[in-house]
Amino acid sequence: MIAIVTSPGFCVVMRARLAIWLNRGGKMARILSRLVWRGTITSYGCYIAVTARLGSGLCLPHPIGVVIGEGSVIGNDVTIYQGVTLGRTSQDVAAYPTIEDGAVIYTGATVLGGIRVGRNAVIAAHSVVLVDVPDHACVAGAPARIVGEGKSRAKAG
């Protein structure tokens, strides 16, 4: 239990949830939100915007270098490894990615624009995803292409 509570990934997610919750309050709460948010960036090198929507069970095993942009929506039981970027394609377009339940995004992947990453999809390391990823698909490359069929976490085990 101590290992889980003190792991950097758990600490980052809990601080992000606190900052997001505080950001919904009044002016003083929003100031506190920014302080918590800034401390998380400084301490862990992980940027999670206070306007992002995080589902339950978000797992960041190695949170260093993770960037989750302002409008990103992350479903339940999603795993994101170090160096992943979820953002928009340009300043003119306000669209951010939506990551569905059970998806896994490996090291250094970049997911840009108003796209949807399907349920239980897998994004390989260092992939650049610019189009929607179907449910249970495995994508790789720059630009990312479907390279296989992923296994559902519910069936595995």
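Any residue at all in segment 110-130 that's open to solvent by less than 20 Å² (accessible area, probe 1.4 Å), over 14 Å from the mean Cα position of the chain (by Cα) and modelled with pLDDT of 95 or more? Yes. For segment 92-101, the criterion of being more than 20 Å from residue 73 (Cβ to Cβ) and open to solvent by 50 Å² or more (accessible area, probe 1.4 Å) is met by at least one residue.
Taking segment 30-40 as the range and being surrounded by fewer than 14 Cβ atoms within 10 Å (Cβ to Cβ) and aliphatic (A, V, I, L, M) as the test, the residues that pass are 31, 35.
Quick grid of which residues meet (1) over 26 Å from residue 141 (Cβ atoms); (2) in a loop (DSSP other than H, G, I, E, B); (3) of a type in the set (S, T, N, Q):
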residue: 17; (1), (2), (3): yes, no, no
residue: 20; (1), (2), (3): yes, no, no
residue: 25; (1), (2), (3): yes, yes, no
residue: 28; (1), (2), (3): yes, no, no
residue: 32; (1), (2), (3): yes, no, no
residue: 86; (1), (2), (3): no, no, no
residue: 89; (1), (2), (3): no, yes, yes
residue: 96; (1), (2), (3): no, yes, no
residue: 108; (1), (2), (3): no, yes, no
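All of (1) in a strand (DSSP E or B); (2) of a type outside the set (Gly, Ala, Ser); (3) in contact with a helix residue (DSSP H, G or I) (Cβ under 6 Å, 6 or more places away or on another chain) hold for residue 50 with one exception: (1). Within the option set 89, 107, being surrounded by fewer than 20 Cβ atoms within 10 Å (Cβ to Cβ) and at pLDDT 95 or above holds for one residue only, 107.
The values are calculated or read from the model by the stated rules, or taken from the named source; none is laboratory data. As the structure is a computational prediction, the values presented were derived from the model and not from experiment. Quick reminder, even Gly has a Cβ in these numbers, built from the backbone with ideal geometry, and neighbours come from all protein chains shown. Keep in mind that these areas ignore ligands, DNA and RNA; they rest on the heavy atoms of the full protein, side chains included. Shrake-Rupley method; radii C 1.70, N 1.55, O 1.52, S 1.80 Å.
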